[in-house]
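Please read the structure below before turning to the comments.
Taken together, the values in this text are just the output of simple stated rules run on the coordinates, not laboratory data. Bear in mind the structure is a predicted one, so any value in this text is a computation, not a measurement. Using ideal geometry, Cβ is built from the backbone for each residue, glycine included, and neighbour counts are taken over all protein chains shown.
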Amino acid sequence: MNFVKNHNFKDKVVVITGAGGVLCAFFAKEIAKTGAKVALLDINLEAANKYAQEIVAEGYVAKAYQTNVLDLDSIRATRDLITQDFGTCDILINGAGGNNPKATTDNEFHEFSLPENTKSFFDLDKSGIEFVFNLNYLGTLLPTQVFAKDMIGKKGANIINISSMNAYTPLTKIPAYSGAKAAISNFTQWLAVYFSRVGIRCNAIAPGFLVSNQNRALLFDAEGKPTARANKILTNTPMGRFGEASELLGGILFLMDEQYSSFVNGVVLPIDGGFSAYSGV
Ligand code: NAD
């Protein structure tokens, strides 16, 4: 990724939650190449550690920290360790998030008659809904409470949240995830305003539909042809293709880097091949 060279975050402390996951591990690896000291936070220490070790093996600076973004004591303990290891946070990327099957309906539309055992809206589990709202919303708010305190007045300080296409128009089947990501877009604007006098910008990216190892099997059949769901996505993506995780990176670096975005505050940047702009007609 050559354009990483256009950014210099030498000795900046970049804290990334969910960094044991697909997207944020990738961001962590690329951001480390800009000279930043990267803290990879994840509830799954093994995953975060694997990526941190890969970064260090390439000669860059990174360390993994086991952290539950829903537990203030855990986040505060991590904040103290990072401060000892690298110094206080300059840039926070709130990447931990996701959906849960318990908060997902089987059907796209309710019908007068549905096959037996269909998990409809009426069967969604309260604990699943809470899990998804908490992980995405509180899991962004609580780390921000802990890390932003140290970012006040630091040159170039900023926060990046991860929203979703669901925030604009909800996708079928996943009402809790859609609502939680809409809340993330809203919270991004709220934070941008709240911190605007103390030098912390806050923005978000809203990724469109990406192919990753996790969803490849859902999107393509054994012969590599798009599945029915994949075709629906492609039909509604004006550029007619899926994005790659690497195509999110430019947006992240742009928002992180005050050389490029010092007056950009409170935006949710869709990176979606035009999906959110398209009515389908
Ligand atoms: P992922 O599932 O690969 O990674 C999420 C990571 O969060 C995992 O490593 C998991 O262990 C960690 N995590 C879960 N609960 C945690 C907790 N309580 N505390 C700390 N860490 C916890 O997901 P991803 O695809 O890399 O997505 C990253 C972010 O991007 C999420 O917010 C997701 O909602 C968002 N997003 C992803 C896509 C996509 O296509 N992959 C699209 C839009 C938005």
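A few remarks follow.
- The chain: DSSP helices with Cα axial extent of at least 15 Å and average Kyte-Doolittle hydropathy no lower than 0.5: 22-32, 246-256
- Only one residue of 96, 74, 2 has its Cα farthest out toward the positive end of the dipole of region 1-123, where Lys and Arg carry +1 and Asp and Glu -1 on Cβ, and that residue is 2.
- Residue 220 long-range amide H proximity, modeled H, under 5 Å: 227
- Percentage, to the nearest whole number, of Cα pairs in the chain over 32 Å apart: 24 percent
- Put a plus charge on the Cβ of each Lys and Arg, a minus charge on the Cβ of each Asp and Glu, and nothing anywhere else: the dipole of the chain about its Cα centre is then about 680 debye.
- Chain lengthening between residue 53 and residue 186 when straightened (0.36 nm per residue, less Cα-Cα): 44.4 nm
- Rounded to the nearest Hz, the phi-derived 3J(HN,Hα) couplings of region 106-118 under the Karplus curve 6.51 cos²θ - 1.76 cosθ + 1.60 (θ = phi - 60°) are 6, 9, 7, 10, 6, 10, 4, 9, 10, x, 4, 6, 5, where x marks glycine and proline.
- 222 nm mean residue ellipticity, helices alone, for the chain (DSSP H n ≥ 4; -39,500 (n - 2.57); rounded to 500): -11500 deg cm²/dmol
- Close amide H contacts of residue 61 (hydrogens built in the peptide plane, cut-off under 5 Å, sequence separation of 5 or more or a different chain): 38.
- Whole-number percent relative contact order across the chain, with pairs defined as alpha carbons under 8 Å at least 6 apart: 16 percent
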